[in-house]
Amino acid sequence: MAEIDYIEAIYREYGNDILRMSYLYLKDKHLAEDALQETFVRVIRFYSKFNHKSSIKTWVTQIAINVCKDMLRSRTSEVLDYEDRAVEIADEHGNAAFDDVENSSMLTPVIQNMEEEMRTCVILFYYQDLSTREIEKITGIKRSTVEFRLKEARKLLRGSLKGVV
């Protein structure tokens, strides 16, 4: 029973962060909610195999990134009905985790339109507050490459703000 209590504590601690990250990654509120759910299903399923070589936050974030990547792969083969999607979204009440992301920054569309590798680095560094070393562990991308992608992302973001601020 203690394991379940610990997993619930992990959910309370990182659930909103994983939801925000998933939204930025997937560009869809409903998919992000599904990703959050699937992430914690996997956390429960594989918790006994967690080897504590990284922080629990790094491990859960890595699971979430893999879930998002899986969803993006399967999503490309689906045909989405955008009109029904818009009606569903309009009928629902907002969620604070999404409102923070959607309303806090005009940079969100720029981030969402970045190439996947750059977007992943930005989300993990700026939204999950992970170090470049932790991002290297999660993604398998060399630290110098992570730093380069973050530098290039900052250029893109600065360019999008010219004339606005």
Inset, instruction - Show me 109-116, 44-51, 145-152, 60-67 ranked by packing, highest mean number of other Cβ atoms within 10 Å first. - result: 60-67, 145-152, 109-116, 44-51
Inset, instruction - Would you work out the charge dipole size for region 105-165 about its Cα centre, treating the Cβ of every Lys and Arg as +1 and the Cβ of every Asp and Glu as -1, and quote it to the nearest 20 debye? - result: 240 debye
Inset, instruction - For region 105-165, just run the numbers: alpha carbon Rg, then divide by 2.2 N^0.38 Å, N being how many residues it has. - result: 1.11
Inset, instruction - Identify, among 52, 21, 37, the residue whose Cα sits farthest towards the positive end of the charge dipole of region 12-58, taking +1 on the Cβ of Lys and Arg and -1 on the Cβ of Asp and Glu, with the dipole about the Cα centre. - result: 52
Inset, instruction - Output the peptides 20-29, 34-43 sorted from most to least packed, where packing is the average of other Cβ atoms within 10 Å over each peptide's residues. - result: 20-29, 34-43
Inset, instruction - Could you go through region 56-62 in sequence order and give the Karplus-derived ³J(HN,Hα) for each residue, using 6.51 cos²θ - 1.76 cosθ + 1.60 with θ = phi - 60°, rounded to whole Hz, and x for Gly and Pro? - result: 4, 4, 4, 5, 5, 5, 4
Inset, instruction - Quick one: what are the phi-derived ³J(HN,Hα) couplings along region 132-146, Karplus 6.51/-1.76/1.60 with θ = phi - 60°, whole Hz, x for glycine and proline? - result: 5, 5, 5, 5, 4, 5, 5, 8, x, 8, 4, 4, 5, 5, 4
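We did not get these values from a lab; they are worked out from the coordinates using the rules stated. Quick caveat, the model's predicted, so the values are computed rather than measured. Neighbour counts are summed over all protein chains in view; Cβ atoms, including those assigned to glycine, are modelled from backbone coordinates with ideal geometry.
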